[in-house]
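Have a look at the structure below, then the notes.
The values are calculated or read from the model by the stated rules, or taken from the named source; none is laboratory data. Treat the numbers as computed from the prediction; the structure is a model and nothing was measured. Every residue, glycine among them, receives a Cβ derived from its backbone with ideal geometry; neighbour counts consider all protein chains shown.
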Amino acid sequence: MQRIAEVIEASTTEFLAQCYELYQLPPLGSLVKTVDAPVELYGIVYNATTASIEPGRRPIARGKDEKDEAAIYQSNPQLLKLLRSEFTALVVGHRQGDKLYHYLPPMPARLHSFVYLCPTEEVREFSQSLAFLNILLRSNLPVSVEELTGASLRQMSQAYDDKRAFLLAAGKELATLLSSNFIQLKNILGKLPMA
């Protein structure tokens, strides 16, 4: 399991994690988890940023006389310590013991919990039930629900040999959940590679 970050802020519905390596962010829609024994929390990445570690202090342009971007970091090695990459994940489920639940856990993640990028087998296991889609569709986030839902389903489909079958099943579930909102359904389906 690939440890990528650490929780630095948490609530019942989401957690903010700081990456150990600058720019080593999980893609939008990725399934990640924290492990707070005996509970594992699952989240879907919905936002990512790279910024200064000092609030209110913005980075300045440094590459005018450099041949490429790598040269900027070679000439200014302190930048690796002055910048940070973070991502926020929407909590969409949890595991307690052997049981997997597709609803919010009783407690938020603990600060300094390690965050892991879920391996293929775990993504496949989690996405066997599409009940998490209800949390995604009802969330109030700074990123559009359509974009996040499409991104998460595209990411999850990579865990399947038959990506098309998974996406068709997800499309059917979305059609049920969004039966009264055809426009939103159409927008999400338009973001899925069905060919």
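Looking at this structure, is Leu153 at pLDDT below 95 and either of a type outside the set (Ser, Thr, Tyr) or within 16 Å of Leu28 (Cβ to Cβ) (or both)?
The answer is no for Leu153.
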With respect to Ala169, is the statement that it is in a helix (DSSP H, G or I) and either of a type outside the set (A, V, I, L, M) or surrounded by 11 or more Cβ atoms within 10 Å (Cβ to Cβ) (or both) true?
yes
Among the helices (runs of 4 or more DSSP H) confined wholly to the stretch 47-152, which include 3 or more residues that are under 30 Å from Leu189 (Cβ atoms) and free of Cβ contacts under 8 Å to residues at least 40 places away in the same chain?
120-126
Would you pick out the residues in the stretch 19-43 that are surrounded by 17 or more Cβ atoms within 10 Å (Cβ to Cβ) and polar (S, T, N, Q)?
Ser30, Thr34
Looking for whichever is within 27 Å of His94 (Cβ to Cβ) and either charged (D, E, K, R) or in contact with a Ser or Thr (Cβ under 8 Å, 6 or more places away or on another chain) (or both) here; the options are Tyr46, Tyr42. Which one fits?
Tyr46
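Is it the case that some residue within the stretch 47-56 is crowded, with 16+ Cβ neighbours inside 10 Å and not β-branched (Val, Ile, Thr)? Outline the logic, then answer.
Pass one, the stretch 47-56, residues crowded, with 16+ Cβ neighbours inside 10 Å: 47-48.
Within this subset, residues satisfying the condition of being not β-branched (Val, Ile, Thr) are 47-48.
Yes, the conditions are met somewhere in the stretch 47-56.
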